[in-house]
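*Asks:* This structure is in structure tokens; I'll ask about it shortly.
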């Protein structure tokens, strides 16, 4: 059975736990995500540990944001790890995004638009006027124009971004919470089914899976529910 288009966020306290979670979920999902904390604690070895023998795609979520030369150097430094996806901040500007794209031709560079933890009030405090949709749309257009092949946006903005950038850009959505899950520190959330209906390509799900009593079984259940929803949508199209 084809793994579901879900990236499980391996926000684990140690390398052994991250590798264990990865082994449990990889039969059911296409991707595992390694974030900044885990990468800084264990370095490049974390990628081999979570990839294991399965060959699962690794999403390296470092959210690079620096001057173009530094970002290019950082991207080159992780090239040997062969991540499927590497994130940069769209707010770093087009030259920085292009530097990452040029430095890492074998990887999808995904530009993070507006963090899903930020509410409209938070954006106003940091000087970003208007609703999150507008900021996300502007940053999405800028990033794609600079060569980004993927974008990270909350599920609330997926439809807006899809309309802005067209069908060929991969849309990655964190802030996905299965029905009944707590939103935790995410401010702009939606269910997996809603996110896909609006145009998402890859869903990032962390604690609803890894915080459950049986991450493997939970990943299998969410993946099955998502496949059923997608099949039903295809039949109704």
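*Asks:* Determine the pairs where a residue that is at positive phi and in contact (Cβ under 8 Å) with a residue 12 or more places away in the chain, located within region 40-58, has a partner that is part of a helix (DSSP H, G or I) and surrounded by 11 or more Cβ atoms within 10 Å (Cβ to Cβ) with Cβ atoms under 8 Å apart, the partner being 6 or more residues away or on another chain.
*Replies:* Close Cβ pairs (under 8 Å, with a partner that is part of a helix (DSSP H, G or I) and surrounded by 11 or more Cβ atoms within 10 Å (Cβ to Cβ)) amount to 52/19; 52/22; 52/23.
*Asks:* Can you tell me how many residues within region 62-100 are over 20 Å from residue 203 (Cβ atoms), surrounded by fewer than 22 Cβ atoms within 10 Å (Cβ to Cβ) and touching a residue at least 40 places away in the same chain (Cβ under 8 Å)?
*Replies:* 5
*Asks:* Then there's this: Considering (1) surrounded by fewer than 19 Cβ atoms within 10 Å (Cβ to Cβ); (2) within 18 Å of residue 86 (Cα to Cα); (3) at pLDDT below 95, say which one residue 114 fails and leave the rest.
*Replies:* So the condition that residue 114 fails would be (1).
*Asks:* Looking only at helices (runs of 4 or more DSSP H) that fall completely inside region 135-237, which ones have 2 or more residues that are crowded, with 17+ Cβ neighbours inside 10 Å and modelled with pLDDT of 85 or more?
*Replies:* 158-165, 207-210, 215-236
The values are calculated or read from the model by the stated rules, or taken from the named source; none is laboratory data. Computed from a predicted model, the values in this text were never measured in an experiment. When we count neighbours, we look across all protein chains shown, and the Cβ atoms used for this are built from the backbone with ideal geometry, even at glycine.
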